[in-house]
Amino acid sequence: MIEIDQVYKAFGAQSVLNGVALRVDAGETVAILGRSGSGKSVLLKCLVGLLRPDRGTIRIDGQEVTALSAAQLDQLRRQIGYVFQNAALYDSMTVEENLAFHLTRHQSMAPDRLRQIIYEKLQTVGVEVALHKYPSELSGGMQKRVGIARALVLDPKIILYDEPTSGLDPITSREIEDLMIELKKRMGVTSLVITHSLQSARRISDRIAVLYQGQIVAFGRFDEIAQSEHPFVQEYLAAVNLEG
Amino acid sequence: MRNWLEQIGQFMLFIGQFFRSLLRRPLDGLETLRQTHEIGSKSLLLVGISGLSIGMVLAMQTSSTLARFGGRGLLPSMIAVAVLREIGPIITALVVSGRVGAGIAAQLGSMRVTEQIDAMEVAALYPFGYLVRTRILACLIALPILTIYADFLALMGGYVIMFFQQNISLKLYFSSAIRFIDLQTVLPAVAKTAIFGFIIGSIATFTGYYTRHGTRGVGQSAMIAVVLSSLFVIVADVLLVKLTLILFG
């Protein structure tokens, strides 16, 4: 379970998060919706300790993230898979080495077992053909899939997705969304998804949180969000309707 | 000014983190060896050509001057002392800071801006150990080896000139060259190159590891790494020569 309570974060004079409060139950998928630059990725980075909030508390499975020692934080991070916006694959390693690096750095493993796990994870996301390729040889969609496979390699309890479908064509975006839904069904993981696509948020998540000016201004199921009277939510919905 | 002070403070913390990392597992011995090989193989040709050329130039420039004072026979010794004590270490360090320092800073910088380092961090893979510690240690190991290689080629360069000028044999040249060479000449010089390696490695990894502002930042990091490491190598050389003179006379 993830509990975010009154989290503030500023960079110099620029205030990014202004008292964000959010709760994600175990096994639930919550999408955080907001405009570009609204602080969605900053919030995700605060969750895994890449950034430290100025104020507020973040609890993951009861552990207060900002109060953990470096060793405890590492222990917690092993239970979290993080899918980066641009996949962030290690470009000097093949796909196989990308996954193997995460596995072997935490535990020693027989080569056959290692290969088996890697193959299984790549098969789960449908990119086993890319095993010996370098990230630069893959399409954007395949890179995202490999990024998801790498996040899954340590069997995390929580997966954080940072704009998993941004920059992809509609068909590939839908395939990635289907994959995320499938993973949730199969593994029962808790997921937090950053997106600026309402359609995507509606498909993949149980609940949606709308982030505006560093605060969650609406939180609930899609139909609850649709009835929100907050001007930004109304504007967002209107913009989506115009596009549709 | 405040920004500079912050940078210096951050660099000091970075160095402290490096020394603490020496005790933390995994030790990444294989990766350190791979980086040492990478640095060596990247620099071998440049360092070799520089060493050979410097030895030849030194012989050509000084032979006529020494001949004027009847000291032509001292030329091999003079080349050996100059190369081993000073020219070999400093030329090697400057070549490596340009070739390898820029490479390390650019590589780590590009990993930073494409979030590859963050990806390691959030997976608890200890990127500082894997990326920074290994490269600093590799520079520290590779510099003395490269310097010995450059010294040897510089001496050979000097021999080539003397062979054509005086038809001197290789045996006589080397026996004459090592006449004034003792451990007090060689050891401080080798120790000095290890310090140069540490300076190059730590500055290059620091500028790369904390790169910001996208691809423009990567280019800047590489440039700053070369400028600062070259500058600090030269300044450190002055201090280390003074220290050597105080300790060994």
With the dipole of the range B:109-216 defined by +1 on each Lys or Arg Cβ and -1 on each Asp or Glu Cβ, the option from B:T134, B:F152, B:H213 whose Cα lies farthest towards the positive pole is B:F152
Per the range B:26-248, sqrt(5λ) over the Cα gyration tensor eigenvalues, sorted largest first, in Å, gives 39, 16, 15
Scalar couplings 3J(HN,Hα) for the range A:154-161 by Karplus 6.51 cos²θ - 1.76 cosθ + 1.60 (θ = phi - 60°), nearest whole Hz, x for Gly and Pro, are 9, 6, x, 8, 10, 10, 10, 10
In degrees rounded to 10, the 0-90 angle between helix A:170-187 Cα long axis and the longest Cα principal axis of chain A is 80 degrees
Distance in Å, no decimals, from the C-alpha centre of the range A:1-52 to the one of the range A:125-200 is 21 Å
At the level of C-alpha centres, the distance separating the range B:165-222 and the range B:29-48, in angstrom, is 13 Å
Checked against the positive end of the charge dipole of the range A:102-226 (+1 on Cβ of Lys and Arg, -1 on Cβ of Asp and Glu, about the Cα centre), the farthest of A:Q107, A:G188, A:L138 is A:Q107
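Residue separation times 0.36 nm, minus the C-alpha to C-alpha distance between B:F180 and B:N167: what's the value? Present the calculation step by step, with values, prior to reporting the outcome.
Values: separation 13, 0.36 × 13 = 4.68 nm, distance 2.22 nm.
Fully extending the segment from B:F180 to B:N167 adds 2.5 nm.
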Among trypsin sites (Lys or Arg not before Pro) in the range B:202-249, those in a DSSP loop whose Cβ has at most 13 other Cβ atoms within 10 Å are B:R212
Treating only Lys and Arg (+1) and Asp and Glu (-1) as charged, each at its beta carbon, one finds that the range B:1-130 has a dipole about its Cα centre, in Debye to the nearest 20, of 500 debye
With the charge dipole of chain B built from beta-carbon charges (+1 for Lys and Arg, -1 for Asp and Glu) about the Cα centre, the Cα from B:L5, B:L228, B:L66 projecting farthest to the positive end belongs to B:L66
Phi angles of the range B:100-109, converted by Karplus (6.51 cos²θ - 1.76 cosθ + 1.60, θ = phi - 60°) into ³J(HN,Hα) in whole Hz with x for Gly and Pro, give 8, x, 5, x, 4, 4, 5, 5, 5, x
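With +1 on each Lys and Arg Cβ and -1 on each Asp and Glu Cβ, and nothing else charged, work out how big the dipole of chain A is about its Cα centre, in Debye to the nearest 20.
Values: 27 positive and 29 negative charges, 84 e Å.
Approximately 400 debye in magnitude.
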The size of the Cβ-based charge dipole (Lys, Arg +1; Asp, Glu -1) of the protein assembly as shown about the Cα centre, to the nearest 20 debye, is 1580 debye
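Stokes-Einstein D for the protein assembly as shown at 10 °C, 1.306 mPa s, Kirkwood Rh over Cα pairs, in µm²/s?
Rounded to a whole number, D works out at 61 µm²/s.
Across peptide B:123-131, what mean number of C-beta atoms from other chains lies inside 10 Å of a residue's C-beta?
Numbers: counts 16, 16, 7, 3, 0, 0, 1, 2, 0.
Going residue by residue through B:123-131 and averaging, the value is 5.
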Long-range amide H partners of B:I168, meaning residues 5 or more apart or on another chain whose placed amide H is closer than 5 Å, are B:F163
Percent of all alpha-carbon pairs of chain A at distances over 26 Å, whole number, is 40 percent
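Hey, what's the per residue convex hull volume over the C-alpha atoms of the range B:144-249, in cubic angstrom? Each step should come with its number before you reach the end.
Values: hull volume 14.0 nm³, N = 106.
Output value, Cα hull per residue: 132 Å³.
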The range A:29-54 scanned against label point 7 Å out from A:D5 along Cα→C-beta; backbone N under 13 Å for none
Applied in sequence order to the range A:79-85, the curve 6.51 cos²θ - 1.76 cosθ + 1.60 (Karplus, θ = phi - 60°) yields integer Hz couplings, x standing for Gly and Pro, of 9, 10, x, 10, 9, 7, 3
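Since every read-out is calculated from the coordinates, none of them should be taken as a lab result. Every value quoted in this text rests on a predicted model; they were computed, and no experiment measured them. Cβ: placed from backbone, ideal geometry, glycine included. Neighbour counts: every protein chain shown.
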